[in-house]
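Structure first, commentary second.
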Amino acid sequence: MKLGILISGRGSNMVALIDAVKSGEIPASKVAVVISDKPKAAGLAKARERGVETVVIERHGRTREEHDAEIISELNKRGVELVCLAGYMRLLSPSFVRSFPNRIINIHPSLLPAYPGLGVHERILAAGEKTSGCTVHYVNEHLDAGPIILQREVPVLDSDTPETLAARILEQEHGLYVEAIRNIVSVP
Ligand code: GRF
C-alpha cells in the first residue's frame with residue numbers, strides 16, 4: 001500500500017511510520033511522499049535522511065479548498081492510497097475527506113472522544129484525570145471526530161507536568177500508529 005504522510009512539525013510519528021515500513025513491520029507498503037504545510041517543519045529533514053520524497057505546500061492565503069486541492073493532486077500523482085496525518089495542524093476540507101473515503105487517518109494524544117483539539121495535556125491535568133492515552137481514528141471534516149480505530153491508555157501521575165505527560169503518551173503513540181496501519185494494510 002502506498003502511504004502519504006502529512007506533517008506540520010517535529011515528525012516523530014512520521015519517523016516511526018517510515019522506519020516501520022522499512023523494517024517490514026508494516027508489510028508490503030511504501031511511504032510515497034511526506035507533505036508539510038510548513039517549510040520549517042523539522043520532520044522534513046528526517047524524511048529526506050530516510051530517503052523519502054518531501055513536498056512543501058504552504059497555504060499562502062488561499063482558501064482551505066484550494067490548498068487542499070494542491071495536496072490532493074500531489075498525493076494522487078504518486079498513487080497514494082492511505083493518507084496518514086502525523087501532527088498535521090490543519091482541519092481537512094470536505095472535498096479532501098471525500099477524495100479519500102475511509103483512507104485518511106490521524107493520531108491524537110488523548111482517549112477520544114474526550115479532549116479533542118489543542119492543549120490536551122494541560123486540560124487533562126487541570127481536570128485531575130488519572131488516565132489518558134492516545135487514539136488512532138479515521139478523519140472526517142470535524143476536528144478529531146471520525147470513527148476510532150485503536151486506543152491505548154497511559155497513566156497520569158500526580159507529579160506530571162504537561163511535558164512529562166506528553167512524552168509518556170508520545171512513546172505509546174508511535175507503537176499504536178504502527179499497529180493501526182499494520183492492521184489496515186493487512187486487510188485483503
Ligand atoms: C502528536 O502528539 C500527535 O498525537 C498530535 O501531534 C503530535 C505530533 O507529534 N496529533 P510528532 O510531530 O509526530 O512528533
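Across region 54-70, coupling constants 3J(HN,Hα) worked out from phi with the 6.51/-1.76/1.60 Karplus curve, θ = phi - 60°, read 10, 9, 9, 10, 7, 6, 6, x, 7, 5, 4, 5, 5, 4, 5, 4, 5 Hz, and Gly and Pro carry x. Normalised by residue count, region 58-188 yields a Cα convex hull volume of 115 Å³ per residue.
Solvent-accessible area assigned to carbon and sulfur over region 55-99 amounts to 50 percent, based on a 1.4 Å probe. Here is how the number arises for the chain: DSSP H runs of 4 or more residues each give -39500 (n - 2.57), the sum is divided by the residue count, and the result at 222 nm is -11500 deg cm²/dmol.
Per residue, the chain exposes 47 Å² of solvent-accessible protein surface, assessed with a 1.4 angstrom probe and all protein chains in place. Taking Cα atoms only, the orientation of helix 12-23 departs from the longest principal axis of the chain by about 60 degrees. Annotation: extensible slack from residue 122 through residue 63 equals 18.1 nm (criterion: 0.36 nm per residue apart, minus Cα-Cα distance).
Among 166-174, 52-60, 134-142, sorting by the average number of other beta carbon atoms lying within 10 angstrom of each residue, highest first, gives 134-142, 166-174, 52-60. Considering only alpha-carbon pairs that sit under 8 angstrom and 6 or more positions apart, the relative contact order computed for the chain is 22 percent.
Taking a Cβ cut-off of under 13 Å around residue 105, the surrounding Lys, Arg, Asp and Glu residues balance to a net charge of -2, with basic ones at +1 and acidic ones at -1.
Cross-link reach is defined here as a Cα-Cα straight distance under 21 Å, omitting same-chain residues fewer than 8 places apart; for residue 38 the lysines meeting it are 46, 77.
The values are calculated or read from the model by the stated rules, or taken from the named source; none is laboratory data. Fair warning: this is a prediction, and the values are worked out from it, not measured in the lab. Every residue, glycine as well, gets a Cβ built from its backbone with ideal geometry; the counts of neighbours run over all protein chains shown. What goes into the accessible areas is simple: the full protein's heavy atoms, side chains included, and nothing from ligands, DNA or RNA. Shrake-Rupley method; radii C 1.70, N 1.55, O 1.52, S 1.80 Å.
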